[in-house]
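A quick write-up on the structure given underneath.
The values are calculated or read from the model by the stated rules, or taken from the named source; none is laboratory data. Note that the coordinates shown come from a computational prediction; the quantities given were computed from them, not determined experimentally. Note that each Cβ is placed from the backbone with ideal geometry, even for glycine, and that neighbours are counted across all protein chains shown.
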């Protein structure tokens, strides 16, 4: 009889990270697809604000189950350090060059995507016909915190755990596969794009040893997509 299904702590960490990201996505997506949540919120905050509140709520769920809860498990209960998962209190010139270079590439992609009709049907996620400065700022802050938690899960806990357990190649394959699958429910093109984006971010994260490049580039991509979508969507406009 085998002594353990997880012969090393590294294998246990990798399996745990895979389990946590799976459960986290299921819980997050249950909020996204809930048909009863918006009518319930409408009874509390009013019909006009219900959909916007739901978007903030689903990002909050993502923050909790991608960032806060996994951090408690790995850093407190399993006694790991932040540095074990690429959260380092330092910046290097190489990190900044990667951030600037990838951001320059991301902006035209966001610009081109925001002009497409199928993208305008989804973005910006908050479907308020007229955005004020408050909505613009709150949405940007919610995006930034949500993506930070998202990257902490994917390029932090999941990638580094799998790298120590299986090696870099397998870690990137596992990371990119799960990352792409979480985007498929939105639309197939996002799932395909996530494969390329996931491989690039995983390679850079392992090369630099830090998740900061992935966090900031992903934030740039998300915010530029939202702001360009706000500019080109014929049904939604920004009125400061």
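Does residue 198 satisfy the criteria of being in a helix (DSSP H, G or I) and either surrounded by fewer than 19 Cβ atoms within 10 Å (Cβ to Cβ) or in contact with a strand residue (DSSP E or B) (Cβ under 7 Å, 6 or more places away or on another chain) (or both)? First the steps, then the outcome.
On the way: in a helix (DSSP H, G or I): yes; either surrounded by fewer than 19 Cβ atoms within 10 Å (Cβ to Cβ) or in contact with a strand residue (DSSP E or B) (Cβ under 7 Å, 6 or more places away or on another chain) (or both): no.
No, not satisfied.
Can you pull out every residue in region 6-59 that is out of contact with any helix residue (DSSP H, G or I) (no Cβ under 8 Å at 6 or more places or on another chain), modelled with pLDDT under 90 and either part of a helix (DSSP H, G or I) or more than 30 Å from residue 139 (Cβ to Cβ) (or both)?
7, 9, 47, 48
Can you work out which of the residues in region 205-240 that are in contact with a strand residue (DSSP E or B) (Cβ under 8 Å, 6 or more places away or on another chain) and in a loop (DSSP other than H, G, I, E, B) is surrounded by the most Cβ atoms within 10 Å (Cβ to Cβ)? First the steps, then the outcome.
Going residue by residue through region 205-240, those that are in contact with a strand residue (DSSP E or B) (Cβ under 8 Å, 6 or more places away or on another chain) are 230-231, 236-239.
Applying the additional criterion that residues be in a loop (DSSP other than H, G, I, E, B) yields 236, 239.
Working: 236: 18, 239: 8.
Taking the candidates together, the pick is 236.
Looking only at region 90-119, count how many residues are touching a residue at least 60 places away in the same chain (Cβ under 8 Å) and part of a loop (DSSP other than H, G, I, E, B).
So the count comes out to 4.
Based on this model, can you work out whether residue 159 counts as crowded, with 21+ Cβ neighbours inside 10 Å and either in a helix (DSSP H, G or I) or within 12 Å of the chain's Cα centre (by Cα) (or both)?
Details: crowded, with 21+ Cβ neighbours inside 10 Å: yes; either in a helix (DSSP H, G or I) or within 12 Å of the chain's Cα centre (by Cα) (or both): yes.
It is true that residue 159 is crowded, with 21+ Cβ neighbours inside 10 Å and either in a helix (DSSP H, G or I) or within 12 Å of the chain's Cα centre (by Cα) (or both).
Taking residue 122 as meeting all but one of (1) surrounded by fewer than 16 Cβ atoms within 10 Å (Cβ to Cβ); (2) part of a helix (DSSP H, G or I); (3) in contact (Cβ under 8 Å) with a residue 60 or more places away in the chain, write down the number of the exception.
Of (1) surrounded by fewer than 16 Cβ atoms within 10 Å (Cβ to Cβ); (2) part of a helix (DSSP H, G or I); (3) in contact (Cβ under 8 Å) with a residue 60 or more places away in the chain, only one is false for residue 122: (2).
Looking only at residues that are touching a residue at least 60 places away in the same chain (Cβ under 8 Å) and either crowded, with 19+ Cβ neighbours inside 10 Å or under 20 Å from residue 145 (Cα atoms) (or both) in region 33-54, which one is nearest to the chain's Cα centre (by Cα)?
52
Within region 170-179, can one find any residue that is more than 13 Å from the chain's Cα centre (by Cα) and at pLDDT below 95?
No, region 170-179 contains no residue that is more than 13 Å from the chain's Cα centre (by Cα) and at pLDDT below 95.
Could you say which residue among 75, 57, 27 is surrounded by 13 or more Cβ atoms within 10 Å (Cβ to Cβ) and farther than 26 Å from residue 186 by Cβ?
Working: 57 fails: farther than 26 Å from residue 186 by Cβ; 27 fails: farther than 26 Å from residue 186 by Cβ.
The unique qualifying residue is 75.
Considering only residues that are in a helix (DSSP H, G or I) and without any contact (Cβ under 8 Å) to a residue 60 or more places away in the chain, look in region 78-89 and name the one that is surrounded by the most Cβ atoms within 10 Å (Cβ to Cβ). Show your work before the answer.
First, the residues of region 78-89 that are in a helix (DSSP H, G or I): 82-85.
When the remaining residues are screened for being without any contact (Cβ under 8 Å) to a residue 60 or more places away in the chain, the result is 82-83.
Values: 82: 15, 83: 13.
That would be 82.
For region 178-188, give me each residue that is surrounded by fewer than 17 Cβ atoms within 10 Å (Cβ to Cβ), touching a helix residue (DSSP H, G or I) at 6+ places or on another chain (Cβ under 8 Å) and in a helix (DSSP H, G or I). Break it down stepwise before answering.
Step one: of region 178-188, the residues surrounded by fewer than 17 Cβ atoms within 10 Å (Cβ to Cβ) are 181, 184-188.
Now restrict to residues that are touching a helix residue (DSSP H, G or I) at 6+ places or on another chain (Cβ under 8 Å): 181, 184-185, 187.
Hit for region 178-188 is 181, nothing else.
Is region 60-77 home to any residue that is assigned to a loop (DSSP other than H, G, I, E, B) and in contact (Cβ under 8 Å) with a residue 40 or more places away in the chain? Break it down stepwise before answering.
The first filter runs over region 60-77 and keeps only residues assigned to a loop (DSSP other than H, G, I, E, B), leaving none.
Taking every residue of region 60-77 in turn, none turns out to be assigned to a loop (DSSP other than H, G, I, E, B) and in contact (Cβ under 8 Å) with a residue 40 or more places away in the chain.
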